[in-house]
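Participant: Take a look at the following structure, please.
The values are calculated or read from the model by the stated rules, or taken from the named source; none is laboratory data. Worth saying up front: this structure is predicted, and the values here are computed from it rather than measured. Reconstructed Cβ throughout: ideal geometry from the backbone, glycine too, with neighbour counts over all protein chains shown. Remember, those area values only see protein heavy atoms, side chains included, never the ligands or the DNA or RNA. Shrake-Rupley method; radii C 1.70, N 1.55, O 1.52, S 1.80 Å.
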Amino acid sequence: MRPSSSVASSRDAPPRMYFIPFPTPGHALPMSDLARLFASRGADATLVLTRANAARLGGPVARAAAAGLRIRIHALTLPADAAGLTGGHESADDLPNRELAGPFAIAVDLLAPLFADLLRSKPADAVVFDGVLPWAATAAPELGIPRYAFTGTGCFALSVQRALLLHRPQDGAASDTEPFLVPGLPDAVRLTRSRLAEATLPGADSREFLNRMYNVERATAGWVVNSFAYLERRYMEHYEKDTGKPVFAVGPVCLVNGDGDDTLERGRGGEAGAAAEAARVLRWLDTKPARSVVYVCFGSLTRFPREQVAELGVGLADSGVNFVWVVGDKNAPLPDIDAATAAGRGLVVRGWAPQVAVLRHAAVGAFVTHCGWGAVTEAAAAGVPVLAWPVFAEQFYNEALVVGLAGTGSAMGAERGYVWGGEELGGVVVGREAVAERVRAAMADEGPRRRAREAGERARRAVEAGGSSYEAVGALLEDVLRRRRCRRGWSGGETARAAPI
């Protein structure tokens with residue numbers, strides 16, 4: 001695998017770039033894809049992971065290196081003992097209970113000096129850091145290394161969150177369920193307080209959000225976004241104007257994975273049974289007609305209360321639609337849906353499924369998702385319509401984009417989310433009758449399917465040579481090289497802008 005034209009055709013030495021995500025699959029997976037994407041364009045890429053995530057994600061990186069790309073993993077040991085974190089957990093999705101979330105966050109923050117030591121011992125030309133790791137933006141500041149924030153979500157959600165923090169329209173709502181207009185956006189977007197990120201994050205404080213937002217804005221040289229122009233063009237322009245920093249929309253980054261082992265192992269490479277489980281799921285899908293299966297997955301962090309799990313399972317069984325249901329909690333008790341599974345109409349997967357491969361399968365006709373941004377972009381890349389069921393954080397904002405603006409999906413009907421870590425107190429949000437009805441409706445609705453198919457075609461064009469995302473990768477690499485020349489005193493000039501969006 002030779003690097004595609006970009007740095008490969010330049011007389012400059014390849015830019016050395018570090019990529020460091022928050023240690024959980026929803027962040028580490030797209031960052032791993034991102035590192036391989038930039039390596040494929042000639043960068044010398046180092047992906048910085050905790051040891052657990054290095055084991056999970058090492059296969060695709062090793063294959064890329066063996067094919068001739070300049071890419072590697074640098075594994076850091078999470079300072080668990082110093083943070084009071086027991087059990088050897090190095091990824092947020094592995095935490096057995098939410099009481100360990102606090103010590104885990106402390107342990108992640110304690111990676112800061114280790115990362116600074118890495119930068120000092122092996123300096124880089126740029127750091128692409130996870131936006132929720134502000135210390136990665138300021139580690140070893142004396143080196144003058146430019147930092148680019150990988151946002152983890154799209155420009156629409158970022159714009160909504162920024163408007164909510166700056167203008168506080170939610171404060172004027174009479175109740176948690178009264179809709180209010182989010183000001184200053186290109187479209188009329190209405191939300192309720194029950195659907196805000198602050199309502200679903202424990203101990204959330206708007207001042208903390210605001211300070212973190214400004215700190216990252218000050219530190220970053222630009223925004224690296226896993227999105228593409230067809231999906232979010234106006235919000236890329238809006239966020240760039242709002243923050244005064246260039247947006248490099250380089251996605252969907254999942255398309256860096258072909259149809260081989262990189263896709264089948266994505267997120268669980270090296271784990272016992274992962275390949276066999278992927279094969280089992282795909283064999284089952286092979287027996288189903290085109291667009292006849294609804295795929296159901298709520299990401300690596302969602303843990304529904306037992307009564308909601310029961311309502312979801314019974315609703316799927318009662319829908320009469322073929323389904324693959326990924327249950328994130330391996331120990332969660334399931335309702336009696338044996339009739340559906342015995343009849344070959346349902347398949348239950350515990351813990352993990354090869355999501356990108358499943359979404360690309362011809363049998364899949366819709367995707368019930370929590371609307372985490374990774375899932376949204378993977379569905380868009382595959383051209384699959386979504387049935388949106390947001391749970392927490394910015395997921396309701398993503399639903400507003402997909403359902404309200406892009407029209408590539410429909411809503412399951414969740415009017416509120418769960419407080420992360422306090423799900424057991426949240427009760428039932430969507431009942432079995434609504435689940436069954438909306439799954440049937442989503443599978444029959446040709447409007448979102450047609451628009452999702454168009455989005456998938458546009459996503460693939462975006463990452464091809466000459467496409468908007470391809471050009472954005474080149475623009476960011478040129479910005480890194482220009483800044484390197486400036487630091488070495490070779491030239492000056494203004495900050496490079498992203499490719500046209």
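Participant: Find all pairs meeting these conditions: Cβ atoms under 8 angstrom apart; at least six residues apart or on different chains; first residue within the stretch 218-242 and over 15 Å from T377 (Cα atoms) and open to solvent by 40 Å² or more (accessible area, probe 1.4 Å); second residue of a type in the set (A, V, I, L, M, F, W, C) and at pLDDT below 95.
Facilitator: Listed by first residue and then by second, the contacts come to E237/I501.
Participant: I'd like to know if the stretch 127-139 contains one or more residues that are under 30 Å from R485 (Cβ atoms) and among the aromatic types (F, W, Y).
Facilitator: Yes: one or more hits.
Participant: Starting from residues that are under 26 Å from the mean Cα position of the chain (by Cα) and of a type in the set (D, E), keep the ones in the stretch 169-208 and report whichever is modelled with the lowest pLDDT.
Facilitator: The selected residue is D205.
Participant: Taking the options A52, A13, name whichever one is surrounded by fewer than 22 Cβ atoms within 10 Å (Cβ to Cβ), at pLDDT below 95 and part of a helix (DSSP H, G or I).
Facilitator: Within the list A52, A13, the selection yields A52.
Participant: Are any residues in the stretch 140-157 open to solvent by 10 Å² or more (accessible area, probe 1.4 Å) and either assigned to a helix (DSSP H, G or I) or farther than 30 Å from P186 by Cα (or both), and if so, which ones?
Facilitator: Listed by number, the residues that qualify are P141, E142, L143, G144, I145, P146.
Participant: State whether the residues of the stretch 414-427 include one that is of a type in the set (F, W, Y), crowded, with 24+ Cβ neighbours inside 10 Å, in contact (Cβ under 8 Å) with a residue 40 or more places away in the chain and farther than 25 Å from A317 by Cα.
Facilitator: No, the conditions are met nowhere in the stretch 414-427.
Participant: Are there any pairs with C-beta distances below 8 angstrom linking a residue in the stretch 20-44 that is assigned to a helix (DSSP H, G or I) to a residue that is basic (K, R), with the two at least 6 apart or on different chains, and if so which?
Facilitator: As it stands, the answer is P25/R56; A28/R56; L29/R266; A39/R70, since those pairs meet every condition given.
Participant: Just to be sure before I move on: is A452 in contact with a Leu (Cβ under 7 Å, 6 or more places away or on another chain) and crowded, with 19+ Cβ neighbours inside 10 Å in the structure I sent?
Facilitator: Considered against the rule, which asks whether it is in contact with a Leu (Cβ under 7 Å, 6 or more places away or on another chain) and crowded, with 19+ Cβ neighbours inside 10 Å, A452 comes out as no.
Participant: Can R280 be described as under 20 Å from V364 (Cα atoms), surrounded by fewer than 20 Cβ atoms within 10 Å (Cβ to Cβ), basic (K, R) and out of contact with any Phe, Trp or Tyr (no Cβ under 7 Å at 6 or more places or on another chain)?
Facilitator: yes
Participant: On the given criteria, is Y295 in a helix (DSSP H, G or I), buried (at least 21 other Cβ atoms within 10 Å of the Cβ) and in contact (Cβ under 8 Å) with a residue 40 or more places away in the chain?
Facilitator: Details: in a helix (DSSP H, G or I): no; buried (at least 21 other Cβ atoms within 10 Å of the Cβ): yes; in contact (Cβ under 8 Å) with a residue 40 or more places away in the chain: yes.
It is false that Y295 is in a helix (DSSP H, G or I), buried (at least 21 other Cβ atoms within 10 Å of the Cβ) and in contact (Cβ under 8 Å) with a residue 40 or more places away in the chain.
Participant: Right, next: Can you pull out every residue in the stretch 69-111 that is open to solvent by 20 Å² or more (accessible area, probe 1.4 Å), in a loop (DSSP other than H, G, I, E, B) and in contact (Cβ under 8 Å) with a residue 12 or more places away in the chain?
Facilitator: R70, T77, P79, G84, T86, G87, H89, E90, L110 - these are the residues of the stretch 69-111 that are open to solvent by 20 Å² or more (accessible area, probe 1.4 Å), in a loop (DSSP other than H, G, I, E, B) and in contact (Cβ under 8 Å) with a residue 12 or more places away in the chain.
Participant: Let me ask another. Tell me whether the stretch 30-45 contains one or more residues that are open to solvent by less than 10 Å² (accessible area, probe 1.4 Å), farther than 23 Å from G260 by Cα and modelled with pLDDT of 95 or more.
Facilitator: Yes: the stretch 30-45 contains one or more residues that are open to solvent by less than 10 Å² (accessible area, probe 1.4 Å), farther than 23 Å from G260 by Cα and modelled with pLDDT of 95 or more.
Participant: Picking from V326, V356, V403, which residue would you name as being within 28 Å of A276 (Cβ to Cβ) and touching a strand residue (DSSP E or B) at 6+ places or on another chain (Cβ under 6 Å)?
Facilitator: Checking each option against the conditions leaves just V326.
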